[in-house]
Structures are given as structure tokens and as C-alpha cells.
Amino acid sequence: MISSWRRLRAVRRAQKVVLMVGSSEQEEAATSDQTELLTIPSHFRCPISLDLMKDPVTLSTGITYDRESIEKWIESGNRTCPVTKQPLTIRSLDVGPICIPNHAIRRMIQDWCVENHSFGIERIPTPRIPVSPMDASDILNNIASTSSRGDRQGCVQSLAKLKSLIRESERNKRCFVTHGAGTALSSAFKDFSNSSSSSSLLHESNVFVFEEILSVLPSMFPLNEDARSQLGSPAAMHCMVSLMRSGGLSARRNSVLALKEIVSSSDSSRRNQVEALAAIDGALEAIYELIKEPICPTATKASLVITFHMTTLRHPTHAKERIITRFVEMGLVNLLVETLIDADKSICEKALGVLNGICNTELGIHTAYDNSLVIAILVKKLLRVSDLATEFSVSILWKLLTTRKSRINENDGGVDVALAEVLQVGGFQKLLLLLQVGCGERTKEKTSELLKLLNLHRERLECIDSQDFKDLKRPFL
């Protein structure tokens with residue numbers, strides 16, 4: 001049922017097109033402007049949106065709607081005609097929904113647009129026929145059959161049809177997703193990767209097929225568990241790592257997006273897949289290079305997400321220690337600190353998450369501590385980016401100040417260097433403010449512990465006048 005407020009809002013938006021008409025002399029004098037009202041014929045409007053129909057289709061009840069509007073109506077769970085309230089047949093719902101293109105109304109609308117072109121009305125384009133469920137199933141079956149028998153040319157041809165159709169409309173894309181395009185593409189990638197060489201170099205005849213599959217696959221995200229399992233096979237991940245190392249920009253981007261989809265799953269196999277990916281020769285280096293020399297923000301974010309999952313495995317393992325050690329040796333800590341200087345919100349959160357994971361090891365803590373910018377940047381990110389970034393920043397500061405041996409600076413009266421720097425850049429006041437505005441329980445505990453450490457040396461080293469915050473409560477004192 002269409003609510004009255006929705007109809008009234010649509011009426012206000014679409015009832016009249018107001019156009020200014022006048023000669024050049026009238027344009028020079030604003031006071032002499034005249035307006036002419038152009039009314040859209042009522043039978044050209046969609047009964048749901050009340051807008052001019054661009055792709056009119058008729059239901060089994062005989063009522064004509066705009067295709068986009070009636071599809072949204074059906075997808076929201078409605079099973080009746082919006083105007084007549086008659087139930088829609090099962091056969092209608094299978095066709096996607098329902099729809100018989102009303103070519104007569106569409107031509108009338110196009111003629112009306114042409115007749116009123118002088119008023120600035122543009123002719124609506126002739127819509128393409130949307131893909132049917134049967135056509136989508138045929139294309140996906142062809143991809144599966146050609147990949148299983150190693151027919152590269154046939155698979156590429158089917159992939160070209162798939163790419164062309166999903167680019168035409170969002171509806172076509174949803175149709176392919178519904179009929180298992182993600183699983184079919186993942187299975188095809190696995191089939192061709194199994195036939196490739198087991199060395200670090202891909203079989204040249206398969207490279208183009210891999211690139212074509214990966215160019216379509218991100219459109220089908222998120223993948224289901226079966227598709228992730230296919231794409232997360234050792235051979236498939238080996239091929240994606242090889243593409244990340246030696247492929248073109250598009251292949252590197254799509255490969256890292258696919259790997260992110262694999263390691264971001266919530267099922268029980270994620271840990272094994274993360275460890276398997278890290279064990280592939282050159283995988284860590286390829287991910288590090290995408291962070292160091294970004295090709296696009298999307299690829300950078302995906303690389304950071306993969307690194308985050310690698311450095312924050314739920315259960316401590318030798319693999320986790322080896323991964324973090326290798327990343328630290330490559331210089332990831334310093335790279336993350338440089339990235340944080342002017343990163344946007346999303347990249348900042350992910351970079352802080354990775355740095356927090358690295359600081360779970362003694363090597364990571366000492367490497368971060370040796371960076372002269374890390375304290376100032378962490379304090380700067382407090383309460384400035386997001387709640388998540390603040391939690392990561394507090395966690396890293398807590399690890400740096402409480403879980404390592406002190407480094408004394410005699411010039412500051414024998415105070416630990418890191419403690420002195422936090423006070424000098426205003427960290428005490430920001431942490432105090434964080435307690436006042438509220439935070440999670442674990443973050444609150446760490447913040448309180450940091451404040452107790454800093455409070456011992458605040459009078460000698462703090463560069464901010466505490467009178468500016470005299471009205472704030474200090475429950476820890």
C-alpha cells in the first residue's frame with residue numbers, strides 16, 4: 001500500500017515542470033520574466049513514483065508501471081498490484097518481476113518528449129530488454145562447462161557477455177548474483193588455476209582468463225561460503241599473488257580485492273586461509289608494495305584489511321609471529337606512521353588497526369617506539385577521526401608505555417622518554433577528555449592506567465596550562 005505522504009511528496013516533485021520563456025530583452029530584465037507551465041500527461045506517469053516513466057511495463061492485472069518502481073515494490077516483499085490490490089501470479093514473479101514491456105506507451109512518451117524539446121525535455125532512450133533468469137543461467141552454465149574442460153576461448157566469450165549485461169543495468173547484475181554468478185566465477189578461477197604451473201609464474205595462456213574473471217568478480221561481492229571456499233584454494237590464491245606481483249594495475253587491484261573477500265569471511269576456515277596466504281612465497285611483499293606504492297584507495301584499503309587479519313589472528317601461533325616479524329623487517333611500521341599523517345578516515349582506522357596488531361609483539365613495540373613521530377601522531381588521532389581510531393590509538397599508547405622497558409632521558413629529570421613526549425604533545429588532556437565523553441570499558445581501563453602514569457610527571461613536563469581544563473572532573477586523582 002502506498003502511503004499518502006509518499007504520494008504527496010512525489011506529486012510536489014513531479015507534477016509540473018516550470019520553464020522560463022522569454023526573449024533576449026526579457027532575460028536582461030528579471031522583472032519581466034514570464035513562466036509557462038508544462039504538465040506531464042497523467043497516463044505517462046508511474047502510479048507508484050508519479051514520475052515520467054522511462055521503461056513502462058504492464059503487469060498481469062493490466063496496470064502499467066515504470067520498471068524500476070515496480071521492481072522495488074516486488075523486492076520489498078509485496079505480492080499484490082499497487083493499484084488494483086489483486087494478487088500477482090507466481091508466473092509473474094518468476095519473470096522478474098512480471099513484466100511485459102508496453103512499447104505503445106513508451107513510443108508515445110518518446111514522441112511527447114520530442115514535441116516538447118523546445119522546453120528542455122530530453123527524449124527518453126529506448127530501454128534494453130533485461131536479461132531473463134534463463135539467459136543468466138545459460139551464460140553461467142557455459143562459464144562452468146568451458147572452465148571445467150579448459151576451453152579458454154569459450155570461457156572468455158561467455159565472460160564478455162556477462163560483463164556486457166551487468167554493465168547495462170543494476171537489475172541485470174542482481175539477476176546474475178541471484179543465480180550464483182559468484183560461485184560460477186570462483187569455480188572457473190579455481191579450475192584454470194589448477195591447470196596452471198605450480199611455480200611462481202603463471203601459465204601465459206591462462207593470464208588473460210584470470211584477468212577477465214577477476215574483472216567481473218568484484219561486482220558479485222559479497223561471496224557466499226561455497227564461492228569463498230573455491231576462491232580460497234591454495235592454487236587460486238597462488239595465482240592471485242602472482243598477479244599482484246607481476247600483473248597490470250587492474251589485475252593487481254582485482255586480485256587484492258578478491259583476497260580481501262577471502263580473508264574477511266566469518267566462517268571457521270578463515271584462519272587456515274590467512275595462514276595459507278601468508279605462506280605463499282612473495283605474498284607479504286606484494287601486499288606491502290600495494291601499501292607503499294598505492295594504485296588506488298580501494299586497493300590500499302584492501303591491502304590494509306588483509307594485513308590486519310594476518311597480524312591479529314585470534315590464537316597466538318608461530319605463523320602470526322613470523323608474519324609480524326617479516327612485515328617489521330620490510331619497514332611496515334614506519335610506512336604506517338607515514339600513512340597516518342594525512343590519511344582519510346577509512347585508511348586511518350585500518351592503518352591504526354594494523355599497527356595495533358603489530359604492537360602485540362615485542363619486536364613491533366620496540367620498532368614503533370623507535371619512530372620519532374609515532375607518539376605525536378597517536379595523540380593527534382585521539383578524538384579526531386572516529387571512535388574506532390581512538391580505541392586503537394589508546395591501545396597502542398598503552399602498549400608503548402606499559403609493556404616495554406623504560407628509556408630514561410636525564411634532561412627531563414629521569415622521566416621515561418615516551419611518557420615525557422605524551423605529556424609534551426598534550427596527551428594527558430586528551431585522555432582526560434576521553435574519559436569525560438565516554439568510551440568502551442576496555443578502552444576506559446587503559447586510559448585510566450595511562451593517566452595514572454602521566455599524572456606522576458605532569459607538573460614538570462606538561463606544556464598545556466591545566467587551568468584551561470580546570471572544570472573537568474579527575475576521578476583518578
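The values are calculated or read from the model by the stated rules, or taken from the named source; none is laboratory data. The model shown is predicted, which means the values in this text are computed figures rather than measured ones. Glycine gets a Cβ as well: all are built from the backbone with ideal geometry, and neighbour counts include every protein chain shown. Just the protein is used for accessible areas: all its heavy atoms, side chains included, with ligands, DNA and RNA removed. Shrake-Rupley method; radii C 1.70, N 1.55, O 1.52, S 1.80 Å.
Structure notes:
- Matching residues in the range 139-169 - criterion: being exposed (fewer than 14 other Cβ atoms within 10 Å of the Cβ) and more than 30 Å from the chain's Cα centre (by Cα): 148, 149, 153
- Where helices (runs of 4 or more DSSP H) fall wholly inside the range 212-315, the ranges with 3 or more residues that are β-branched (Val, Ile, Thr) are 249-263, 297-311.
- Scanning the range 218-270 for residues that are of a type in the set (Asp, Glu) and closer than 17 Å to residue 188 by Cβ yields 226, 261.
- Considering residues of the range 82-118 that are modelled with pLDDT under 85 and in a helix (DSSP H, G or I) only, the residue most open to solvent (accessible area, probe 1.4 Å): 91
- The range 248-279, residues that are surrounded by fewer than 17 Cβ atoms within 10 Å (Cβ to Cβ) and among the hydrophobic types (A, V, I, L, M, F, W, C): 249, 279
For (1) among the basic types (Lys, Arg); (2) modelled with pLDDT of 90 or more, each residue gets a yes or a no:
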{"position": "411", "(1), (2)": "no, no"}
{"position": "415", "(1), (2)": "no, no"}
{"position": "423", "(1), (2)": "no, no"}
{"position": "432", "(1), (2)": "no, yes"}
{"position": "443", "(1), (2)": "no, yes"}
{"position": "448", "(1), (2)": "no, yes"}
{"position": "458", "(1), (2)": "yes, no"}
{"position": "468", "(1), (2)": "no, no"}
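- So residue 74, is it modelled with pLDDT of 50 or more and over 23 Å from residue 116 (Cβ atoms): yes
- Yes/no for residue 133 being in contact (Cβ under 8 Å) with a residue 24 or more places away in the chain, under 23 Å from residue 47 (Cα atoms), of a type outside the set (Ser, Thr, Tyr) and open to solvent by 20 Å² or more (accessible area, probe 1.4 Å): no
- Some residue of the range 308-318 being among the charged types (D, E, K, R) and more than 21 Å from residue 250 (Cα to Cα): yes
- Which listed residue, of 29, 10, is among the small types (Gly, Ala, Ser), within 24 Å of residue 105 (Cα to Cα) and modelled with pLDDT under 85: 10
- Number of positions in the range 366-397 that are open to solvent by less than 10 Å² (accessible area, probe 1.4 Å) and not hydroxyl-bearing (Ser, Thr, Tyr): 10
- Hey, residue 287 at negative phi, at pLDDT 95 or above and surrounded by 14 or more Cβ atoms within 10 Å (Cβ to Cβ) or not: yes
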